[in-house]
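Chemist: Dropping the structure in here first, questions after.
Read-outs throughout are calculated quantities, based only on the coordinates presented, and are distinct from any laboratory measurement. None of the values given here were measured: they were computed from a predicted structure. Reconstructed Cβ throughout: ideal geometry from the backbone, glycine too, with neighbour counts over all protein chains shown.
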Amino acid sequence: MSSLHLVVIGGGAAGFFGAITAAENFPDATITILEKSRTVLNKVRISGGGRCNVTHACFDNRQLVKHYPRGEKPLRSLLNQFDATATVRWFEERGVTLKTEADGRMFPSTNTSDTIVDCLLTRARQLGIRIQTSAGVTSLSYSTERNGDTKWNVALNNDETITANRVLIATGGYPQPTSYAWMPEQNEALISPVPSLFTFNVPDSPLLSLAGVSVTDAAVYVVGTKQEQRGPLLLTHWGFSGPVVLRLSAWAARDLATLDYRFTLRINWTPTLNDNQLRNVLQDFRQQNGKRQVSSQNPFGLPSRLWQALITDVEITETQRWADLPAKPLNRLIERLTNSQFQVVGKSTFKDEFVTCGGISFDSLHPQTLESKAQPGLFFAGEVLNVDGITGGFNFQSAWTTGYVAGKNMGVESAVNSR
């Protein structure tokens, strides 16, 4: 048996991909995955509503990296080693075909995340990778042997200590800086973690009764900042969600943390029109539909329940006809359509999918290998790094990419004796 022992801390997407890649590149190595939970690949199982959004059908890496609020620049280089095209090919070569949905998200054609989980588990078993669950790491240290070799001592919560030649940390993101304390210090200070990808709680919203109503195109703004996004919006029984809110929460993650998730959210329900264009559209509609009730139809294709709520909010009665609509309520309606404001008080996790903004700085690592500059033989991959994407398969793609790069380099001889 080879004396080379590679340990991967974290049994998620990045950890498994790193371990499998290492095993495929260094077949004589002994490889162990340590997972603190009782089961592995838990996030893979629940993601995408249980379907696993494996990646995104964006095969131009210059475009792909634009979907990452953090980590765009280092990821652009890493994708040259393993990108979305490589991901699709990797799974297809192992019997998993992926399908592309209208919005670009890619799922297994079976429509179940079990397909991805089974693929990764099967490949790990074929390669002889050891999987140890309920194995939380309490400390990680190194020692230098007489011959100059570095040995990593991985202490577990059951008082067991495992010795390794190289270690890959792929634990996922942590919500608190103190959670990183067991890791060796890096050259660059830890980038303080804050949540990303969450929905907005608006307990006093007059629209809470419209839970389930969706708008295909809305513009949303964090008042007092430059943060804004545009896209589909979903009304919920706690406030707002949908792709546009999730994107806003990702790009504005640090701003919103600074605001303690208490801020004014502005929504423009008709973002294709400026105020003058909106007024002209309403005037034309008014002339052509003078005898009709304002409540019965709107010229913007907004959901009828939302339209009803908006006109009620500006005190237009249900029987009010377009021809008889006074100027003041018309002006108020224009204001509501373009400048509805809501007080956000807190956030909610999106579908149990926790994503972190922050983590280990790429500046602490060799950019082409993801090996620590301060601690040779120590590698990082996945969300423990300061990289996060919006929804749509981008976070899994960064996990596959960084896991592959770290795994491919874990057994390279140059990492030995380089301390």
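Chemist: For region 66-105 and region 196-223, what is the centre-to-centre distance using only Cα atoms, to the nearest Å?
Modeler: 30
Chemist: Can you give the net charge of the other residues whose Cβ lies under 10 Å from the Cβ of ALA323, counting K and R as +1 and D and E as -1? Walk me through the numbers on the way to the answer.
Modeler: On the way: positive: ARG286, LYS291, ARG292, ARG321; negative: ASP324.
Net of charged neighbours comes to +3.
Chemist: Under 5 Å between amide hydrogens, which residues at least 5 positions from THR138 or on another chain qualify, with H placed 1.01 Å from N in the peptide plane?
Modeler: Under 5 Å from the amide H of THR138 lie the amide H atoms of ALA155, LEU156, ASN157, each far enough along the sequence or on another chain.
Chemist: Tell me, what is the Rg over Rh of region 198-346, with Rh the Kirkwood radius over Cα pairs?
Modeler: 0.99
Chemist: Using a Gaussian network model of the chain with C-alpha springs under 10 Å, which one of VAL215, VAL244, VAL281 is most mobile by mean-square fluctuation?
Modeler: Looking only at VAL215, VAL244, VAL281, the biggest GNM fluctuation is shown by VAL281.
Chemist: Here's something else I'd like to know. Over region 172-278, what is the relative contact order in percent, taking alpha-carbon pairs closer than 8 angstrom and at least six residues apart? Display every interim value, and only then the final one.
Modeler: Working: 164 pairs, mean separation 29.2, N = 107.
It comes to 27 percent, rounded to a whole number.
Chemist: Working from Cα positions, state the angle (0 to 90°, nearest 10) between the long axis of helix 84-93 and the longest principal axis of the chain.
Modeler: Between helix and principal axis, roughly 60 degrees.
Chemist: Further question: Calculate the length of the line joining the C-alpha centroid of region 25-41 to that of region 270-284, in whole Å.
Modeler: Using only Cα atoms to place each centre, the spacing works out to 59 Å.
Chemist: Placing unit charges on C-beta atoms (Lys and Arg positive, Asp and Glu negative, everything else neutral), compute the dipole magnitude of the chain about its Cα centre in debye, rounded to 20.
Modeler: Values: 40 positive and 37 negative charges, 148 e Å.
Roughly 720 debye for the chain.
Chemist: Restricting things to Cα coordinates, could you compute the convex hull volume per residue of the chain in Å³?
Modeler: Numbers: hull volume 61.0 nm³, N = 419.
It comes to 146 Å³ per residue, whole-number rounded.
Chemist: Moving to a separate point now. Report, in degrees rounded to the nearest 10, the 0 to 90 angle that the Cα long axis of helix 13-25 makes with the longest principal axis of the chain.
Modeler: Between helix and principal axis, roughly 40 degrees.
Chemist: While we're on this one: Note the per residue figure in Å³ for the convex hull of the C-alpha positions in region 97-173.
Modeler: Values: hull volume 12.4 nm³, N = 77.
Here the figure is 162 Å³ per residue.
Chemist: A further question follows. At a Förster distance of 25 Å, what's the computed FRET efficiency of ALA189 paired with SER139, Cβ-Cβ distance as r, to 0.05?
Modeler: Rounded to the nearest 0.05, the efficiency is 0.80.
Chemist: Something else: On a full-extension model of 0.36 nm per residue, what is the gain between ALA211 and VAL412, subtracting their alpha-carbon distance, rounded to one decimal in nm?
Modeler: Values: separation 201, 0.36 × 201 = 72.36 nm, distance 5.41 nm.
Roughly 66.9 nm would be gained on extension.
Chemist: Restricting to Cα pairs below 8 Å that are 6+ residues apart, what does the relative contact order work out to for the chain? Please round to a whole percent.
Modeler: Value for the chain: 25 percent.
Chemist: Provide the net charge surrounding LEU248, with neighbours chosen by a C-beta distance below 13 Å and charges set as Lys +1, Arg +1, Asp -1, Glu -1. All intermediate terms of the calculation are to be shown ahead of the outcome.
Modeler: Details: positive: LYS226, ARG230, ARG247, ARG254, ARG266, LYS347; negative: GLU228, ASP255.
It works out to a net charge of +4.
Chemist: Now, a different point. Quick query: amide H of GLY239 versus all other amide H atoms, modeled in the peptide plane; which residues come in under 5 Å with a sequence gap of 5 or more or a different chain?
Modeler: The list, which skips near neighbours in sequence, is VAL202.
Chemist: Test of understanding: in a Gaussian network model of the chain with alpha carbons linked when under 10 Å, which of THR122, THR401, THR319 would top the mean-square fluctuation ranking?
Modeler: THR319
Chemist: Mind checking the angle between helix 304-313 and the chain's longest principal axis? C-alpha axes, 0 to 90 degrees, to the nearest 10.
Modeler: On a 0 to 90 degree scale, this one is about 60.
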